DNA sequence: ACTCCACAGGAATAACCGGGCG
DNA sequence: CGCCCGGTTATTCCTGTGGAGT
């Protein structure tokens, strides 16, 4: 970076000059004043919840749609509107929100709900103090709802996460929740599930499906031109006027539209591009900044996911890298020898193949099944990331030192 | 048409891990 | 502390399979 640029950076920082007017606007947690292009969805969510206006229990609701289509935003916003409506003040509705992916386990989810219920509630002893089985936590929840005659809306974000791991009948909290209403009178619960995965219903217990999706709303992806408009409206608030070039906006929308209409990705991209531009002392955000931002985000993502891998998945990625494009058997051999030099106990081949397909699912490596006739049927794997990037990501892992 | 390789990947089960208790 | 629970990882055992070679 040339010296004058550095000086400029300092000057700008001192004088508080910045490309950004309000950075927060581009944070994914930010709720815009006006939600664009989701009128239909908002209307339908509102309609589904309308029984609340009559003080009755609304149907359970399932909101589908890919990431960045505004599901969470619309649901939360609609609930807030209902809750804050002056005429409904006397009809207290409890809204409990949790994200299944963040809570990561079923009991974590329930405990989170429990805490939210306990909050502002007088009966302290019924609070989250239970570290007991899922069933008993759940029973406590139901007890409180019944006793206090609560009208509770459970919002479960990324609900598809709950279906991934297998459950027995009494640990499947969706099963429990969907049939709990017989036990909550005069209170009630209804569930709003939010899912990114469109076919997640198929993995669900059929008894749960019918009651969980009494109402269903699909969120369509945004079109490229809608994303452009959304970006423009955020830019107006977030950036100093006229700083973001038209071409940059277009590229952001195009990239986000390529996968599916993911508004969040577009906004993230814009923010990173803005930071990049600011850092290099440019006074506009250009197409080039967006392109670099896209590359940077992609690389960061790979690096962090490589870094956070457990030891044996790392060794296996190295094994795949070393024996690029070969069969499971050979990869396993390489893996075993790597383990030996590192003095780590090697895992079974069964486990290794399982890890390989996990790595494949996270797109760090790719594999395809091939049949070699008399030489059997196997899978060939190769890495999707250049070797030096992998090495770079692993280089400060002490356990891996001896195998570079 | 039949065989048989080199695995894929399902099912059951064991071993281990960590938070929240008493 | 030791224990229970629910999860998560690994192991063990297994059945299934596309196609080159015969």
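The values are calculated or read from the model by the stated rules, or taken from the named source; none is laboratory data. For clarity, every value in this text was computed on a predicted model and none was experimentally measured. Here Cβ is always computed from backbone atoms with ideal geometry, including for glycine, and neighbour counts include all displayed protein chains.
Test residue A:59 against the stated conditions and say whether it is at negative phi and touching a strand residue (DSSP E or B) at 6+ places or on another chain (Cβ under 7 Å). Yes: the conditions hold for residue A:59. Looking at A:281, A:242, A:261, A:257, which is the one that is out of contact with any strand residue (DSSP E or B) (no Cβ under 7 Å at 6 or more places or on another chain) and over 24 Å from residue A:32 (Cα atoms)? It is A:281.
Of the residues making up the stretch A:318-350, just one is under 23 Å from residue A:398 (Cβ atoms), assigned to a helix (DSSP H, G or I), within 15 Å of DNA strand B (Cβ to nearest atom) and in contact (Cβ under 8 Å) with a residue 24 or more places away in the chain, namely A:320. On the given criteria, is residue A:348 surrounded by 13 or more Cβ atoms within 10 Å (Cβ to Cβ), within 15 Å of DNA strand C (Cβ to nearest atom) and at pLDDT 95 or above? No, not satisfied. Within the stretch A:323-345, the residues that satisfy the criterion of being within 14 Å of DNA strand C (Cβ to nearest atom) and within 16 Å of residue A:380 (Cβ to Cβ) are A:327, A:328, A:329, A:332, A:335. Can you spot a residue in the stretch A:375-387 that is in contact with a helix residue (DSSP H, G or I) (Cβ under 6 Å, 6 or more places away or on another chain), within 30 Å of residue A:255 (Cα to Cα) and in a helix (DSSP H, G or I)? Looking for residues that are in contact with a helix residue (DSSP H, G or I) (Cβ under 6 Å, 6 or more places away or on another chain), within 30 Å of residue A:255 (Cα to Cα) and in a helix (DSSP H, G or I), one finds at least one in the stretch A:375-387, hence yes.
Within the stretch A:356-369, being more than 17 Å from residue A:322 (Cα to Cα) and more than 9 Å from DNA strand B (Cβ to nearest atom) holds for A:358, A:361, A:362, A:363, A:368. For the stretch A:62-93, residues that are part of a strand (DSSP E or B) and either crowded, with 20+ Cβ neighbours inside 10 Å or at pLDDT 90 or above (or both) total 3. The single condition from (1) out of contact with any strand residue (DSSP E or B) (no Cβ under 7 Å at 6 or more places or on another chain); (2) within 16 Å of residue A:35 (Cα to Cα) that residue A:90 fails is (2). Here is the figure for the stretch A:351-368: residues that are within 8 Å of DNA strand C (Cβ to nearest atom) and either in contact with a strand residue (DSSP E or B) (Cβ under 8 Å, 6 or more places away or on another chain) or more than 23 Å from residue A:404 (Cβ to Cβ) (or both) total 2.
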